[in-house]
Amino acid sequence: MVDNGLEFYGKIEELLMNKNAGKQLWNRYLKILEKEGAKRVLDIGCGSGEFCRMAQNRGIEVVGIDLSHTQVSRALKKGCNCSVKKIEEIKENFDGAVAIFDVVNYLTPAQLSKFFQKVAKLAPLFIFDINSQFGMTEVAVGALKVEKVNCFLCVESNYSRGRLITEFTLFSQTFDHLYRREDGQVVQYYHRLERVTRILPYQFVEIEPITLYNSPAPEKWLIIAKN
């Protein structure tokens, strides 16, 4: 069975997520939202709803959207208001919008400007992160194996010409003690910070370096855009 794309990634995301790094980043977003007084937020690429749940526990209403049915199903079980939708389908307005943990890196360079324009029509505050060049070329590349009781996952990432291509192979034990193999692939794109800030349709832009894994250089850039 081959399922290339974010739906496959939704199946394995919980095997890969570093919860400590996640909480660091999610808390940084929450502090900014609280500082800006955002009470109702659109979470673009909400995943399994961890950020939605944290935000709701701190009094922020979150509406989440994602392209993965698997991820949204997990988020709904956590009590989150999430659905499988594209940003083009959102018609209501929010105090702020967020795109957390590489969401923007899944967009091609050609898609960026149109995406930013859509977000700006929905919210006067947009907080998101993008991978730095160091994060993509040094931190994200390589091979990894994750083993659980009934499955194991092999991951290999390679960077070339502005693209980080990650191949996944998941082996899951079946009822007859055999293993079923599933393969998937996701592609992320490197976006230069200078270009991103130049095409943002917001009046004010702030940039913060983010280091989650004790790296010698920033792995991400956190961007706060507002009117």
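Throughout, read-outs are computed from the coordinates displayed, never taken from laboratory work. Note that this is a predicted model, so its numbers are computed, not measured. Note: ideal-geometry Cβ built from the backbone for every residue, glycine included; neighbour counts use all protein chains shown.
Considering only C-alpha atoms, what is the centroid distance from region 108-177 to region 1-48, in Å?
Value for the Cα centre distance between the two parts: 12 Å.
Among the listed pairs 19/220; 23/118; 39/226; 19/86; 11/86; 85/226, which have their C-alpha atoms separated by more than 21 angstrom in this model?
Flagged as over cut-off: 23/118; 19/86; 85/226.
With the calculation restricted to Cα positions, what are the radius of gyration and Dmax of region 174-227 in angstrom?
19.5, 60
About its Cα centre, how strong a charge dipole does the chain have in debye, to the nearest 20, once Lys and Arg get +1 and Asp and Glu get -1 at the Cβ?
500
How big is region 136-188 in terms of Cα radius of gyration and Dmax, in angstroms?
13.3, 44
If you filter region 24-116 for GluC sites (Glu not before Pro), then keep DSSP loop positions with at most 15 other Cβ within 10 Å, what is left?
92
For region 14-53, rounded, prolate or oblate, judged on the Cα gyration tensor with a ≥ b ≥ c (square roots of eigenvalues), a/c < 1.5 rounded, else prolate if a/b > b/c?
Taking the square roots of the gyration eigenvalues as a ≥ b ≥ c, region 14-53 is oblate.
For region 80-176, what mean projected area does the convex hull of the alpha carbons give, in nm²?
9.3
First obtain the Kirkwood hydrodynamic radius of region 108-227 from its Cα pairs, then insert it into the Stokes-Einstein equation at 10 °C and 1.306 mPa s, and state the resulting D in µm² per second as a whole number.
95
Taking Cα atoms, how many degrees apart are the long axis of helix 19-36 and the longest axis of the chain, rounded to 10 and kept between 0 and 90?
10
Treating the Cα atoms of the chain as identical point scatterers in vacuum, please give the log10 of the normalised Debye intensity I(q)/I(0) at q = 0.07, 0.09, 0.15 Å⁻¹, two decimals.
Log-scaled intensity ratios, in q order: -0.22, -0.37, -1.05.
Where does helix 6-16 land angle-wise versus the long Cα axis of the chain, in degrees 0 to 90, nearest 10?
Rounded to the nearest ten degrees, it is 80.
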